[in-house]
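A short write-up of the structure that comes next.
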Amino acid sequence: MNTKRRSFIKNSAAAGAFGVAVSAGLITPRAVMAAWPKAAFAATDVDAAITGAFGSSATTESADIALKAPEIAENGAVVPITVTSKIAGTESISLLISKNPTPLTATFKMGEGAEGFVSTRVKMSKTSDLVVVVKANGKLYSAKKEVKVTIGGCGG
Amino acid sequence: MAKSIKVRAKVKGGTTVVKALISHAMETGLRKNKKTGKKFPAHFIQEVTCSHNGKDVLTADWGTAISKNPYLSFKFKGAKSGDTLKMSWVDNKGESDSVEAKIK
Amino acid sequence: MKKVAVIVSALCMLIAPLAGIAANPDQDLKNFRKHFTEKFSSVPLQDFTNGVYSVDKASREQWEAFEDFPPYEIFVDKGNVLFNKAFKNGKTYASCFPKAKKGIKQNYPFFDKKRGEVVTLELAINECRKKNGEKPLKYKKGKMAHLSAYIAYKSRGHKGNVKITSTPESMAWYDRGKKHFYAKRGQLNMSCADCHYYNAGNKIRADILSPALGHTSHFPVYRNKWSLASASGDGMGTLHRRYGGCNKQVRAKPFKAQSKEYRSLEYFHTFMSNGLTMNGPGIRK
């Protein structure tokens, strides 16, 4: 009884502080709605990362996902990547790099009016598969491409 | 203090193309300091939000493998020239920044 | 040690006629340019300002993706703030660079007759600071590279216009630079020319070597490699920072930034790209 009361007080105090933080604009309301998926980002293999992010690692390969990435990365620390999903109702696009220490790199969630398109630059520790997972209508679709990362001579 | 976010947004044929560049170290926590042998602590953006007319058009969760000085581009429908776009980020240390840009 | 010096100088004398080390800068420029335009006959002259990306399609695509929103813009902005911020005495850099509107970078480096030495843009920036009672900046990166990046950005579109005044003194600087370019050095016994003249476009391990023509037009550069090594992600560096890196890579002891040796090299190197359009700062791997 006592412990329950304590945790109740603790929680309400925390909620109070949080409310203040939100109203002061210190924290966006989003932080309340969807926290950063720590477990998925900490996962050390692709399947575990997908499961961590979506609850299941079962994906269907889709030709409607176009993945633009270099064959050979000029510098593995900055690899330009563009993903276009033509799957109707694309809700999110996730990027995973299979041989990075923690493969999950990013999840982009499409809001109102957003197209299934995203472009960014990522770090790749070595030659690796770049895996894209698209969530649409509650289902998971995927595509992948190998990007080679070489050890440079002078420039690298 | 200069803003850490640079945004360019342009409407063409009903679609707004947003391009952003953020000044951030994006430390993985795995890189070693050659002088001390110790690892630089992880310091990276975790959440990016972009909204138009008070509605989120894109939100993103990032890990440590987004490159230093991150670049992000996306597209959305429903905005017109002159509208305001708001973009913000929060990192793992709780630091944050936000910027507003006019859509061209 | 003396023996080595003798051999080296003997070598230089051997190389000299081959490389055409006769003191005729205009003829040198013609030959230099011809070498590249013939070697890469499909590359338009002005495209050499894009460095290795003028001769390698695969890496060019990645570079174009970076250029879509290049990270050097962050540092051009910082340079802009520094350039326009008043010194303690109320003046700004504009007082030292009065013709800023017509571009600055394309006229550097130049031979200052009164002083009898080559003045680079970075040297002029520090001299401007000194004149106004400010402490000098370090030459390879940081604020100096930001200022240089801003000036380069504002000078875009202007054609390289380095003047070689043919006095014995200025020719000595030119010749020293030319010699540095063609002379083999370091444990790997390689010259600047070995990589960036004779073997431009070829591979060294996994990298493709950039042509020396157009090198100087896009400096300073933001290198992803330098950005990675910096705690803040600041990848900007000056030409002399890169010279030092190149010398180290052939396992030679680098000279100091703004040393007589590197200023001479910059004088020769930049003159060889006269007529090419300023497009700095650049982004490189």
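Can you tell me how many residues in region B:53-70 are at pLDDT below 95 and within 14 Å of chain C (Cβ to nearest Cβ)? Within region B:53-70, residues that are at pLDDT below 95 and within 14 Å of chain C (Cβ to nearest Cβ) number 0. If you check A:A63, A:A136 for being among the hydrophobic types (A, V, I, L, M, F, W, C), open to solvent by 40 Å² or more (accessible area, probe 1.4 Å) and closer than 30 Å to B:G78 by Cα, only one passes: A:A63.
If only residues of region C:57-96 that are assigned to a loop (DSSP other than H, G, I, E, B) and without any contact (Cβ under 8 Å) to a residue 12 or more places away in the chain are counted, the one that is most open to solvent (accessible area, probe 1.4 Å) is C:K85. Residue-level check: of (1) open to solvent by less than 30 Å² (accessible area, probe 1.4 Å); (2) touching a residue at least 60 places away in the same chain (Cβ under 8 Å); (3) within 14 Å of chain A (Cβ to nearest Cβ), C:K225 misses just (1).
Screening B:L85 against (1) open to solvent by less than 30 Å² (accessible area, probe 1.4 Å); (2) facing another protein chain (nearest Cβ under 10 Å) leaves a single unmet condition, (2).
Exactly one residue out of C:R115, C:R129 is surrounded by fewer than 21 Cβ atoms within 10 Å (Cβ to Cβ) and either of a type in the set (A, V, I, L, M) or touching a Lys or Arg at 6+ places or on another chain (Cβ under 9 Å) (or both), and it is C:R129. Scanning region A:68-86 for residues that are open to solvent by 20 Å² or more (accessible area, probe 1.4 Å), more than 14 Å from chain C (Cβ to nearest Cβ) and either farther than 23 Å from B:V18 by Cβ or not basic (K, R) (or both) yields a total of 1. Every test in (1) on the phi > 0 side of the Ramachandran plot; (2) surrounded by fewer than 17 Cβ atoms within 10 Å (Cβ to Cβ); (3) within 8 Å of another protein chain (Cβ to nearest Cβ) is passed by B:M26 save one, and that test is (2).
Go through region A:46-95 and report how many residues are of a type in the set (K, R) and assigned to a strand (DSSP E or B). Result for region A:46-95: 1. Of the residues making up region A:117-133, not a single one is open to solvent by 30 Å² or more (accessible area, probe 1.4 Å), part of a loop (DSSP other than H, G, I, E, B) and touching a Phe, Trp or Tyr at 6+ places or on another chain (Cβ under 9 Å). Count of region B:16-56 residues, restricted to those that are more than 18 Å from C:F69 (Cβ to Cβ) and outside any loop (DSSP other than H, G, I, E, B), is 11.
Scanning region B:36-56 for residues being more than 27 Å from C:R223 (Cα to Cα) and touching a residue at least 24 places away in the same chain (Cβ under 8 Å) gives a total of 5. Looking only at residues of region C:136-190 that are without any contact (Cβ under 8 Å) to a residue 60 or more places away in the chain and part of a helix (DSSP H, G or I), we find that the one that is nearest to C:F87 (Cα to Cα) is C:K154.
Within the group A:T127, A:T150, which residue is farther than 22 Å from B:G63 by Cβ and within 14 Å of chain C (Cβ to nearest Cβ)?
Values: A:T127 fails: farther than 22 Å from B:G63 by Cβ.
Exactly one of A:T127, A:T150 is farther than 22 Å from B:G63 by Cβ and within 14 Å of chain C (Cβ to nearest Cβ), namely A:T150.
The C-beta contact set for region C:31-56 (first residue within 22 Å of A:E74 (Cβ to Cβ) and within 14 Å of chain A (Cβ to nearest Cβ), second residue assigned to a helix (DSSP H, G or I) and among the hydroxyl-bearing types (S, T, Y), distance under 8 angstrom, 6+ apart or interchain) comprises C:V52/C:S59; C:Y53/C:S59.
For region B:29-52, name all the residues that are among the small types (G, A, S) and within 13 Å of chain A (Cβ to nearest Cβ).
Applying the first criterion (among the small types (G, A, S)) to region B:29-52 yields B:29, B:37, B:42, B:51.
Within region B:29-52, B:G29, B:A42, B:S51 qualify.
Number of residues in region A:87-97 that are buried (at least 18 other Cβ atoms within 10 Å of the Cβ) and of a type in the set (G, A, S) equals 2.
The values are calculated or read from the model by the stated rules, or taken from the named source; none is laboratory data. If you're wondering where the values come from, they're calculated on a predicted model, not measured in any experiment. Ideal geometry is used to build each Cβ from the backbone, glycine not excepted, and the neighbour counts take in all protein chains shown. Surface accessibility is based on the protein's heavy atoms, side chains included, excluding ligands, DNA and RNA. Shrake-Rupley method; radii C 1.70, N 1.55, O 1.52, S 1.80 Å.
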